[in-house]
1. Among (1) modelled with pLDDT of 95 or more; (2) within 14 Å of the ligand (Cβ to nearest atom); (3) surrounded by fewer than 18 Cβ atoms within 10 Å (Cβ to Cβ), where does residue 166 come up short?
2. Out of 99, 69, I need the residue that is within 22 Å of residue 187 (Cβ to Cβ), of a type outside the set (D, E, K, R) and part of a loop (DSSP other than H, G, I, E, B). Which one?
3. Looking at the range 121-139 only, could you name the residues that are out of contact with any helix residue (DSSP H, G or I) (no Cβ under 8 Å at 6 or more places or on another chain) and under 27 Å from residue 80 (Cβ atoms)?
4. Quick check on the range 302-330: of everything there that is away from the ligand (no atom under 16 Å from the Cβ) and farther than 16 Å from residue 261 by Cβ, which residue is modelled with the lowest pLDDT?
5. State yes or no: is residue 82 among the polar types (S, T, N, Q), surrounded by fewer than 22 Cβ atoms within 10 Å (Cβ to Cβ), assigned to a helix (DSSP H, G or I) and more than 16 Å from the ligand (Cβ to nearest atom)?
6. State yes or no: is residue 213 more than 16 Å from the ligand (Cβ to nearest atom), surrounded by 16 or more Cβ atoms within 10 Å (Cβ to Cβ) and among the hydrophobic types (A, V, I, L, M, F, W, C)?
7. Return the pairs, sorted by first residue and then second, in which the second residue is of a type in the set (Val, Ile, Thr), the first residue lies in the range 244-261 and is farther than 15 Å from residue 211 by Cβ, the beta carbons are less than 6 Å apart, and the residues are 6+ apart or on different chains.
8. Looking only at the range 145-161, how many residues end up being closer than 26 Å to residue 211 by Cβ and surrounded by fewer than 23 Cβ atoms within 10 Å (Cβ to Cβ)?
Amino acid sequence: MVLADTYNRPINYMRIAVTDRCNLRCIYCMPEEGVPWLSHSDILSYEEILTIVRAAAAMGITKIRITGGEPLVRLGIVDFVQMISQVPGIEDIAMTTNGIYLAKYAAGLKKAGLNRVNVSLDTLDADKFQRICRGGEKGGHITDVLAGIEAARSAGLNPVKINVVVMSGINDNEILDFARKTLAEEWHVRFIELMPFTGHNGRTPSGLTAREIKQRIDPLGKMEPYKHKWGNGPAKYYRLPDAKGTIGFITALSEHFCFSCNRLRLTADGKLRPCLMSETMIDLREPLRSGVSEDQLKDLIQQAVNAKPMGHHLSEGRKPNDRPFCQVGG
Ligand code: SAM
């Protein structure tokens, strides 16, 4: 079964935010004081998410990414992955995490049916980690993330991809260090262009374009395009000469990839969002709680698919103003 939008793009991928809560407060994602958390009853139960996944899978969704907030702070996440893995039609399950609790869960997640993880890590410096992620005693430390990456690799959640949001004057001096990591070790580093989002209060960091990032890597040699079979995403991958790992670029601003967008996003409070950058949302929570039939649920999912815009307008300075990134589900 193929699900397609009005521009004939096949839609086979759903990103699910299982919580809006996070143990970190990254400067580009969340205000320092945090955001008011949704109440327990506001967020979808695992059973409700499963009902949506079953309907979506019957329509053509085959790939799921579990995200948040921080997915590993939600209790029962390993059992939830196992339930998703049993839904007919779901072929691939991945997760995006800050990695703080990954060492604890990696083996269990793999056993439950998770295929891969992306781990967010914007610096290799312990003090800077605290400044960017505002982790501290309760949030966690860079050592937890590094241990999580190793645990994920040992558990077979490969390839483990490292997401680095590049910010001018904050971590752009580490571009080379991250690139060097890919030489000796099987690190798959993805440099992400910073997207403007509601939620940065105070000074908003400014980003670098992929082109600027590539120029910084030039001293390490010529990067060759790298063809791969993993993932569903828009990153373009390269490899430095003789490197064990790869370097990817996610160019949401400088070279958007909307023409190949294959995704829908489900927020923790049950809104189906056709586009990360648009404020349009289709509510599934109230219909689910009022006893919607499977066919009616499919109609609502189809409405979200039909509402997918051709593209976003970030490069023209427009940004979604309704929610910070952490409440959309990155
Ligand atoms: N807590 C998890 C994590 O840290 O990976 C999952 C949620 S987080 C919102 C998902 C991804 O969104 C992370 O890789 C993060 O770096 C990215 N992200 C958040 N805000 C962003 C922004 N303004 N621009 C670009 N990427 C952003």
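The values are calculated or read from the model by the stated rules, or taken from the named source; none is laboratory data. What you are looking at is a predicted structure, and each value in this text was computed from that prediction instead of being measured. Reconstructed Cβ throughout: ideal geometry from the backbone, glycine too, with neighbour counts over all protein chains shown.
1. Status for residue 166: all satisfied but (3).
2. That would be 99, the only listed residue that is within 22 Å of residue 187 (Cβ to Cβ), of a type outside the set (D, E, K, R) and part of a loop (DSSP other than H, G, I, E, B).
3. Across the range 121-139, the qualifying residue is only 138.
4. Within the range 302-330, the match that is modelled with the lowest pLDDT is 316.
5. So residue 82 passes the test.
6. no
7. 245/182
8. Count: 1.
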